[in-house]
Amino acid sequence: MSTWGIAKVLSQTAEYALRAMVFLAMKEAGATTEQIAHTTKVPSGYLSKILQQLGRSKLVVSQRGIGGGFVLSRASESISILDVINAVAPIEKMTSCPLGVQTHEINLCPLHKRISEAISTVEAAFAQTTLSELVKESQNPLCSALPFGTD
């Protein structure tokens, strides 16, 4: 039986990665793991691992020296929400019956087919939304009362 569940589309890792990437999209200079963790309320140790994954996917780079830390590897206009999610915890697609029904292994039942289609719609929306859009649409895209420009 599959571990797929409709209740949670995104993993906690994906949520944390998105918070970090939006924060970096708002910054003009690099930010340390500690700065990102403090503002986004992501545990620092866990964030370090996420930033490594984002680095391996070439979404962030680390810079040394004054103003160093992590920065986006390219313009926020060219990084989609789906890029970030796929780098750390891709959305699980439904390719077989989550109940293990043998007759549904090739063709999903109507219920699971609709759920699969909904997941595809969510993925398409994430692919069409960039980090810069999130920043432009709100002065506070992380739903936090913390001021972002101050360190």
>> Can you find, within the range 23-34, the residue that is modelled with the lowest pLDDT among those that are surrounded by fewer than 15 Cβ atoms within 10 Å (Cβ to Cβ) and not small (Gly, Ala, Ser)?
In response: GLU28
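One line per residue, one yes/no per condition, for (1) under 20 Å from SER138 (Cα atoms); (2) surrounded by 13 or more Cβ atoms within 10 Å (Cβ to Cβ); (3) not hydroxyl-bearing (Ser, Thr, Tyr):
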residue	(1), (2), (3)
TYR16	yes, yes, no
MET21	yes, yes, yes
SER78	yes, no, no
ASP83	no, yes, yes
VAL88	no, yes, yes
> Can you tell me which residues in the range 96-108 are surrounded by fewer than 12 Cβ atoms within 10 Å (Cβ to Cβ) and not hydrophobic (A, V, I, L, M, F, W, C)?
Replying inline: GLY100, GLN102, THR103, GLU105, ASN107
>> Criterion first (surrounded by 14 or more Cβ atoms within 10 Å (Cβ to Cβ), under 27 Å from LYS136 (Cβ atoms), in contact (Cβ under 8 Å) with a residue 24 or more places away in the chain and touching a Phe, Trp or Tyr at 6+ places or on another chain (Cβ under 9 Å)) does ALA37 satisfy it?
In response: no
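Quick check on VAL61: is it of a type outside the set (Ser, Thr, Tyr), touching a Ser or Thr at 6+ places or on another chain (Cβ under 7 Å) and exposed (fewer than 15 other Cβ atoms within 10 Å of the Cβ)?
Working: of a type outside the set (Ser, Thr, Tyr): yes; touching a Ser or Thr at 6+ places or on another chain (Cβ under 7 Å): yes; exposed (fewer than 15 other Cβ atoms within 10 Å of the Cβ): yes.
Spelling it out, VAL61 is indeed of a type outside the set (Ser, Thr, Tyr), touching a Ser or Thr at 6+ places or on another chain (Cβ under 7 Å) and exposed (fewer than 15 other Cβ atoms within 10 Å of the Cβ).
This table checks each residue for (1) of a type outside the set (Gly, Ala, Ser); (2) under 13 Å from the mean Cα position of the chain (by Cα); (3) at pLDDT 90 or above; (4) within 30 Å of GLY30 (Cβ to Cβ).
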residue: GLN52; (1), (2), (3), (4): yes, no, yes, yes
residue: ARG64; (1), (2), (3), (4): yes, no, no, yes
residue: ILE79; (1), (2), (3), (4): yes, yes, yes, yes
residue: LEU82; (1), (2), (3), (4): yes, yes, yes, yes
residue: LYS93; (1), (2), (3), (4): yes, no, no, no
residue: SER96; (1), (2), (3), (4): no, no, no, no
residue: LEU108; (1), (2), (3), (4): yes, no, no, no
residue: SER138; (1), (2), (3), (4): no, no, no, yes
residue: LEU146; (1), (2), (3), (4): yes, no, no, yes
>> Among the residues that make up the range 5-12, is at least one of them farther than 16 Å from THR130 by Cβ, modelled with pLDDT under 95, touching a Leu at 6+ places or on another chain (Cβ under 9 Å) and not aromatic (Phe, Trp, Tyr)?
In response: yes
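The values are calculated or read from the model by the stated rules, or taken from the named source; none is laboratory data. Computed from a predicted model, the values in this text were never measured in an experiment. As a convention, Cβ positions derive from the backbone with ideal geometry for all residues, glycine included, and neighbour counts pool all protein chains shown.
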